[in-house]
Amino acid sequence: MSKIPIKNRDGIAKMREACAVAATVLEHIKPLVRPGVTTQDLEEAGREMIARLGARSACYGYTHGARRYPAHTCISVNDEVVHGIPSLRRVIREGDIVSLDVVVWRDGYVGDNAFTVGVGPVSPLGEKLLRVTREALDLGIKQARVGQRIGDISSAIQEYVESHGFSVVRDMVGHGVGVAMHEPPEIPNFGRRGTGEKIKPGMTLAIEPMVNAGAYKTKTLSDGWTIVTADGAPSAHFEHTVLTTDDGPEVLTIPRPVAAQVPV
Ligand code: MF3
Ligand code: CO
């Protein structure tokens with residue numbers, strides 16, 4: 001038996017709303033990423049927009065061991081891979097690449113998405129890193145077809161990334177998402193075709209390549225959260241929440257107007 005939760009009609013309807021909120025918040029923050037703003041400014045814009053749309057951050061207070069994540073968004077600059085904590089001291093500069101990760105709760109369901117923004121002219125390496133990571137996400141999503149396996153997503157992402165001379169992070173993986181931020185299955189960005197669980201209709205999967213321009217190794221900063229590349233090379237991260245259907249994968253994290261709603 002599969003451990004991967006299958007959502008019913010009601011669960012899917014609620015996933016649609018949670019994901020629309022997560023995507024709308026992400027879309028709201030993207031154009032604010034400019035030279036001179038701090039990552040705390042982006043956090044505040046995200047926090048306000050999440051509240052305005054009747055949702056709650058799934059990151060704020062998220063526990064890992066004894067630690068609670070202290071912010072509503074994750075903002076990771078350059079060599080930071082994921083889980084960067086917004087800070088008043090971190091000022092965005094021209095040429096930076098800035099990963100924005102927004103995960104929200106709405107009506108009992110979670111929507112999860114991420115995007116990496118280039119600030120002004122970015123180095124050719126940085127531009128290529130953004131393009132390859134975005135395209136790797138698209139290729140992974142295309143594999144999320146009923147009858148295929150989770151490893152087909154993983155291997156499509158890995159092969160594409162490595163064919164461009166970049167590496168996929170091993171320490172963090174994509175995941176099922178639904179009534180919790182992390183549900184089965186794990187969706188590594190590396191693996192072998194034809195392995196892992198079979199994809200069935202009604203799965204909601206957060207597919208999220210984390211791609212390093214250098215080696216795949218990462219380390220955690222002393223704040224206990226921020227993951228950085230061990231070699232200091234830049235890293236990019238793109239993520240969508242996807243619903244599997246008999247008609248193929250459907251990306252749920254698309255911005256659209258959502259009715260404000262009082263959080264429960
Ligand atoms: N999208 C991230 C993840 O799936 C969000 C983490 S929230 C944090 O791990 F609290 F851990 F930062
Ligand atoms: Co995620």
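Quick notes
- Cross-chain or 6+ apart pairs with Cβ under 7 Å, the stretch 55-83 first and at pLDDT 95 or above and assigned to a strand (DSSP E or B), then within 13 Å of ligand 2 (Cβ to nearest atom) and among the acidic types (Asp, Glu): Cys74/Asp101; Val82/Asp101
- Some residue of the stretch 98-121 being without any contact (Cβ under 8 Å) to a residue 40 or more places away in the chain and farther than 24 Å from Ile254 by Cα: yes
- Residue count for the stretch 180-239, restricted to those that are within 13 Å of the chain's Cα centre (by Cα) and away from ligand 2 (no atom under 16 Å from the Cβ): 0
Per-residue answers, yes or no, for (1) aromatic (Phe, Trp, Tyr); (2) part of a strand (DSSP E or B); (3) closer than 26 Å to Gly111 by Cα:
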residue: Val211; (1), (2), (3): no, yes, yes
residue: Tyr216; (1), (2), (3): yes, no, no
residue: Trp225; (1), (2), (3): yes, no, yes
residue: Thr241; (1), (2), (3): no, yes, yes
residue: Ile254; (1), (2), (3): no, no, yes
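- Flag if Asp10 is among the charged types (D, E, K, R) and either under 29 Å from Pro184 (Cβ atoms) or part of a loop (DSSP other than H, G, I, E, B) (or both): yes
- Taking each residue of the stretch 154-182 that is without any contact (Cβ under 8 Å) to a residue 12 or more places away in the chain and looking for partners that are in a strand (DSSP E or B) and within 15 Å of ligand 1 (Cβ to nearest atom) with beta-carbon atoms closer than 6 Å, six or more apart or interchain, yields His182/His175.
- Residue match in the stretch 54-72 (condition: within 13 Å of ligand 1 (Cβ to nearest atom), over 16 Å from Ala23 (Cα atoms) and of a type in the set (D, E, K, R)): yes
- The stretch 182-224: number of residues that are within 14 Å of ligand 1 (Cβ to nearest atom), hydrophobic (A, V, I, L, M, F, W, C) and buried (at least 21 other Cβ atoms within 10 Å of the Cβ): 5
- The selection criterion, being under 17 Å from Ala156 (Cα atoms) and within 16 Å of ligand 1 (Cβ to nearest atom), does not hold for Leu129.
- Condition check for Arg106: modelled with pLDDT of 95 or more and over 30 Å from Lys198 (Cα atoms): no
- Filtered residue count, the stretch 199-227, keeping only those that are touching a Lys or Arg at 6+ places or on another chain (Cβ under 6 Å) and under 20 Å from Ile97 (Cβ atoms): 1
- Criterion applied to Gly111, Gly118, Gly126, Gly95 was being within 14 Å of ligand 2 (Cβ to nearest atom), modelled with pLDDT of 95 or more and either more than 14 Å from the chain's Cα centre (by Cα) or of a type outside the set (A, V, I, L, M, F, W, C) (or both), and the one residue passing it is Gly111.
- Taken together, the criteria exclude Asp96 from residues that are among the charged types (D, E, K, R) and within 11 Å of ligand 1 (Cβ to nearest atom).
The values are calculated or read from the model by the stated rules, or taken from the named source; none is laboratory data. Since we're looking at a predicted model, the values are computed, not measured. So basically every Cβ, Gly included, is an ideal-geometry build from the backbone, and we count neighbours across all protein chains shown.
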